[in-house]
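To start, the structure itself, in structure tokens.
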Amino acid sequence: MSWEEIIERRHGARGTTLAIDASSATDATVGAGREREDLWGWDARPERVVVVGVAGKNRSYESAGEFDLEDSLDELERLVNTAGCEVVGRMTQRLARGPAPATYLGSGKIGELREMCGLPRAMEADEEDDDEREDDEDDEIFWEDDEDEDEDEERSRDRRNGFRVDAAAVDIVIFDDELSPKQARNLERKLGSKVRICDRTALILDIFSQRAQTAEGQLQVEMAQLEYEMPRLTKMWSHLERQSGSGAVKGMGEKQIEIDKRLLRERKSLLNAKIESMRTHREQYRQKRKAERVPIVSLAGYTNAGKSSLLNKLTNAEVLAEDKLFATLDPTTRRLELANGMTVLMTDTVGFIQKLPTQLVAAFRATLEEVLESSLILHVVDISSDLSEAHMSTVDSVLDELDAGEIPQLLVWNKIDNVLDEEERLEIEIAAEDAGAVVVSTLTGEGLDALQDKIVEIIKKRTLSRCEMLIPYERGALIGEIRRTGFVESEEFLENGTRVVAHLPVGMARRKDVVVYLT
Ligand SMILES: Nc1nc2c(ncn2[C@@H]2O[C@H](COP(=O)(O)OP(=O)(O)OP(=O)(O)O)[C@@H](O)[C@H]2O)c(=O)[nH]1
Ligand SMILES: [Mg+2]
């Protein structure tokens, strides 16, 4: 049995957690679904989702630069839509100490959630078991309602009213944080078999697995999915044990878990080997590039900030740029000739998001190694978003996690064309000066010349050293190379060669074999 089959058994017949169909992950979701329904006579409507989030009291959501609970759920909804599903309801709760360790939500809220899913508020007595009571005790110790709850309830209800909640039709409940295996097990029991549960991490992993184009990307996502599934395996067999209570079945369940775990472990080492060999290949390629001494400029930023659009605009690349989260997964590199003739390699990368699954960060580290080698990171921000500060700090912390925090960074505040209010625009421009950011619009082209100048200036300052040299006439070709990798400040034709003052990459500036250094 392949590990996909194991996962299939756990998540239901259609494979992935959400059963996303590649064709449904487009804007035409509903239309495509309906068409198929007409053709085949079966219901292919998008799956209906209720999103659920919990906030802790200890976070001050009021300060700028942080996502509040509703923002985070808005983003989760966009993820759900990106995955081709439809959000029909939303539920929030503020708990003094954040999500309840046993059940994520407090028990009162779980009743409400059951109602939202078309189930009776209270569980039937025979649905409860020993494990359950123990969990409830846990709840009492760990969660208390916040005094602000009334106000929060109000907000939550407001938003919820905006949805078409047809209780009986809820297919999946998606939680805004990664659920621990214990939380997932308890919630599954409390919501019954009609409704599937899923969390933010599994949702993002599903989107990634749908979108990965290259073999390497696919392997990395599969690896991350394995890491996610491993600790959760027990869950799918424990119901057998509970139902029968018989020793024999219990034994069988345990045995099956062992077999599954072994299968997953084997798959994991196979993946590891494949990833490792691709890495070696990539390394060779990188060495080749290094030998060329062309500086690398990476694009990093929150998902949907406009990284691919910027690469396309500057280099006429044709990378897919669209109004979807995680449009880009696999890195693309293009040569970019800057205004003064200097060439850089510009690399587009996967976008970041808050609560980015750690399994993914680990799995994508190999791809993101390019970022680590770059001379400059362009940190692209959608400055027209209300959450731009929160996005920036998320990106900074992911870059830190990848050990890229020390690489020179240039903030590129994009989508300025979206800011129509003059006063707001002015404020952004003033703030940009303080932050050393360049304000641009990849849509209108505004600010892109200034951006290129700034890239040149930084690369010149950070990675080039100024030298004055005499290049013999027979080595004239070298001047072409100097122009490509650095800048020529002045040239003067002397008797025994050309006197050149130039800014060169450190490696090149030491080529004493062909150059006579004057300073
Ligand atoms: N109004 C406006 N829209 C923009 C601008 N730049 C990009 N967009 C739009 O923003 C959306 C996202 O752009 P992408 O270039 O795909 O963003 P990305 O950062 O590559 O996103 P991921 O690959 O998902 O991480 C697209 O719909 C673009 O058309 C801009 O300057 N102004
Ligand atoms: Mg992109």
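The values are calculated or read from the model by the stated rules, or taken from the named source; none is laboratory data. The shown structure was predicted, so the numbers you read here are calculated from the model rather than taken from an experiment. Here the Cβ is made from the backbone with ideal geometry for all residues, glycine too, and neighbour counts use every protein chain on show. Just the protein is used for accessible areas: all its heavy atoms, side chains included, with ligands, DNA and RNA removed. Shrake-Rupley method; radii C 1.70, N 1.55, O 1.52, S 1.80 Å.
Brief remarks on what is shown
- Residue 301 vs. criteria assigned by the TED database to the domain that holds residue 402, more than 8 Å from ligand 1 (Cβ to nearest atom) and at positive phi: no
- For region 394-447, a residue qualifies if it is open to solvent by 30 Å² or more (accessible area, probe 1.4 Å), in contact (Cβ under 8 Å) with a residue 24 or more places away in the chain, over 16 Å from residue 302 (Cβ atoms) and in a loop (DSSP other than H, G, I, E, B), and the qualifying residues are 403, 436, 443, 444, 446.
- Taken over region 282-318, the criterion of being in a strand (DSSP E or B) and within 16 Å of ligand 2 (Cβ to nearest atom) is satisfied by 297, 298, 299, 300, 301, 302.
- Condition met for residue 356 (buried (at least 18 other Cβ atoms within 10 Å of the Cβ), away from ligand 1 (no atom under 14 Å from the Cβ), modelled with pLDDT of 85 or more and not assigned by the TED database to the domain that holds residue 278): no
- Residue ranges of helices (runs of 4 or more DSSP H) in region 448-519 with at least 2 members modelled with pLDDT of 80 or more: 448-463, 477-485
- Meets criteria (under 16 Å from the mean Cα position of the chain (by Cα) and either polar (S, T, N, Q) or within 13 Å of ligand 2 (Cβ to nearest atom) (or both)) for residue 347: no
- Residue within region 438-455 that is assigned by the TED database to the domain that holds residue 304 and over 26 Å from residue 336 (Cβ atoms) present: no
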